[in-house]
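Participant: Before I ask anything, here is the structure I am working with.
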Amino acid sequence: MRSIFVSLRQNTTMLRIDIITVLPELLEGPLSCSIIQRARDKKLVDINVHCLRDYSTDLKHRRVDDYAFGFSAGMVLQIEPVDRVITHLCSQRKYDEIIYTSPDGEKFTQRQANQLSLKQNLIVLCGHYKGIDHRIREHLITKEISIGDYVLTGGELAAAVITDCVVRLIPGALGDEQSALSDSFQDQLLAPPIYTRPAEYKGWKVPDILLSGNQRKIQEWEMEQSLERTQRLRPDLLDD
Ligand code: ADE
């Protein structure tokens, strides 16, 4: 096992994630397939998606955005619907973090995913393409996360990425054979190459060492490969 930094969730209680969005349908697919759906079925995580429009002050049109003050173009997410939904959720339980997804947030890393996977209750507010009333960020949000230096049309895909990374770390979400502890980045090293049958295809061979059955030698080889790949592809990880 290559992991050195990770502590896994021990809690027997379920992690709860509440996601607030204007586009719930964008989250349905990513959060209801494969490993994430299995984790939900096994009651390892309780994911609830809330449509911000349900908290609109405008009952007729369910609007949640308005023109920006000043000279900025584009619509801005209003403070009141966001405050309403967050106040409603916080009246029911205590949240460890209220996260806002935004390209100018802190860069999301495996380390952050590990930390979030140890929490009890999380809210994720999906960013809006033009922005949100800044008072939301000043007064309601406890953590701002960016999934990379590029701009998405909204924060929903970022919320799905964060949720996926966090949920797969919960013990029981992955099968043993897929253990999260051996992932790339889990110990600041890229994972070694892996192969499956056939051992030779079109003359392209699996490294002999992997067929040797010598566990110690295979582990040494995997560590060398991890180091070599990290040095070559992501030397910045070794600087940390
Ligand atoms: N919303 C738009 N772009 C984003 C990004 N890169 N990370 C998080 N939220 C975003």
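The values are calculated or read from the model by the stated rules, or taken from the named source; none is laboratory data. As the structure is a prediction and not an experimental result, all values here were calculated from the model. All Cβ positions, even for glycine, are placed from backbone atoms using ideal geometry, and neighbour counts span all protein chains on display.
Participant: Please enumerate the residues belonging to segment 213-240 that are in contact with a helix residue (DSSP H, G or I) (Cβ under 7 Å, 6 or more places away or on another chain) and not charged (D, E, K, R).
Facilitator: Ile218, Trp221, Thr230, Gln231, Leu237, Leu238
Participant: Looking at segment 119-131, which of the residues that are more than 11 Å from the ligand (Cβ to nearest atom) and not in a loop (DSSP other than H, G, I, E, B) is nearest to Glu156 (Cα to Cα)?
Facilitator: Ile123
Participant: Sticking with this one: Restricting attention to segment 98-113, report how many residues are part of a loop (DSSP other than H, G, I, E, B) and more than 16 Å from the ligand (Cβ to nearest atom).
Facilitator: 0
Participant: Out of all the residues in segment 194-240, which are free of Cβ contacts under 8 Å to residues at least 40 places away in the same chain and hydroxyl-bearing (Ser, Thr, Tyr)?
Facilitator: Those that are free of Cβ contacts under 8 Å to residues at least 40 places away in the same chain and hydroxyl-bearing (Ser, Thr, Tyr): Tyr195, Thr196, Tyr201, Ser212.
Participant: Here's a follow-up. Would you kindly identify the helices (runs of 4 or more DSSP H) lying entirely within segment 133-240 that contain at least 1 residues that are within 30 Å of Gly74 (Cβ to Cβ) and within 23 Å of the chain's Cα centre (by Cα)?
Facilitator: 134-139, 156-167
Participant: Within segment 165-177, does at least one residue satisfy the condition of being surrounded by 22 or more Cβ atoms within 10 Å (Cβ to Cβ), away from the ligand (no atom under 16 Å from the Cβ) and under 17 Å from Ile99 (Cβ atoms)?
Facilitator: Checking segment 165-177: at least one residue is surrounded by 22 or more Cβ atoms within 10 Å (Cβ to Cβ), away from the ligand (no atom under 16 Å from the Cβ) and under 17 Å from Ile99 (Cβ atoms).
Participant: Give the residue, chosen from Leu140, Leu116, Leu89, that is under 18 Å from Ile19 (Cβ atoms), within 15 Å of the ligand (Cβ to nearest atom) and either touching a helix residue (DSSP H, G or I) at 6+ places or on another chain (Cβ under 8 Å) or among the hydrophobic types (A, V, I, L, M, F, W, C) (or both).
Facilitator: Among Leu140, Leu116, Leu89, only Leu116 is under 18 Å from Ile19 (Cβ atoms), within 15 Å of the ligand (Cβ to nearest atom) and either touching a helix residue (DSSP H, G or I) at 6+ places or on another chain (Cβ under 8 Å) or among the hydrophobic types (A, V, I, L, M, F, W, C) (or both).
Participant: Further question: Determine which member of the set Pro24, Pro30, Pro81 is over 27 Å from Val167 (Cα atoms) and within 25 Å of the chain's Cα centre (by Cα).
Facilitator: Exactly one residue qualifies, and that residue is Pro81.
Participant: Looking at Ala39 and the list (1) modelled with pLDDT of 95 or more; (2) in contact with a Pro (Cβ under 9 Å, 6 or more places away or on another chain), which single condition is not satisfied?
Facilitator: So Ala39 meets the others, but not (2).
Participant: Follow-up question, since we're still on this one. Of (1) farther than 16 Å from Asp18 by Cα; (2) surrounded by 15 or more Cβ atoms within 10 Å (Cβ to Cβ), Glu106 satisfies all except one. Which?
Facilitator: Of the numbered conditions (1) farther than 16 Å from Asp18 by Cα; (2) surrounded by 15 or more Cβ atoms within 10 Å (Cβ to Cβ), the odd one out for Glu106 is (2).
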